[in-house]
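The next block holds one structure in the form of structure tokens; read it before the comments.
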Amino acid sequence: FINPSGNVVIPKYLNKDICMYAVFGEIMVIIDNEIEILRHQQILYFNAEVYIELRNNTTENVIVYIDGVNK
């Protein structure tokens, strides 16, 4: 759950990949200075040994499900 104008830094997960799912809302995902937009009900998979930050630049609350996946 990320409040409007809020941000969250995700810790690195060694030997895992990340599955991220936007349950509600839209969020900016910064992965090693590359920007991706995760939209409502979209799934994003990526290597978790990178810097990851989530930024909510909207005026609505955002719910994101994040899970570590074994390689």
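The set of residues in segment 1-16 that are within 11 Å of Asn56 (Cβ to Cβ) and in a strand (DSSP E or B) comprises Ile2, Asn7, Val8.
Does segment 11-38 hold any residues that are in contact (Cβ under 8 Å) with a residue 12 or more places away in the chain, touching a strand residue (DSSP E or B) at 6+ places or on another chain (Cβ under 6 Å) and over 11 Å from Gly68 (Cα atoms), and which are they? Residues satisfying the conditions are Tyr21, Ala22, Val23, Phe24, Gly25, Ile27, Met28, Val29, Ile30, Ile31, Leu38.
Among the residues making up segment 25-60, those that are farther than 20 Å from Ser5 by Cα and either touching an Asp or Glu at 6+ places or on another chain (Cβ under 8 Å) or loosely packed, with under 13 Cβ neighbours inside 10 Å (or both) are Asp32, Gln41, Ile43, Leu44, Tyr45, Phe46, Asn47, Ala48, Val50.
Sub-8 Å Cβ pairs linking a first residue in segment 54-71 that is modelled with pLDDT of 90 or more to a second residue that is of a type in the set (Asp, Glu), at least 6 apart or interchain, are Val62/Glu26, ordered by first then second residue.
Highlighted here are the strands (runs of 3 or more DSSP E) found entirely within segment 17-71 that include at least 3 residues which are of a type in the set (Val, Ile, Thr): 27-31, 63-70. Against the numbered list (1) basic (Lys, Arg); (2) modelled with pLDDT under 90; (3) surrounded by 14 or more Cβ atoms within 10 Å (Cβ to Cβ), Lys12 comes up short only at (3).
The values are calculated or read from the model by the stated rules, or taken from the named source; none is laboratory data. No experiment lies behind these values; they were computed from the predicted model shown. All Cβ positions, glycine included, derive from the backbone under ideal geometry; neighbour counts span all protein chains shown.
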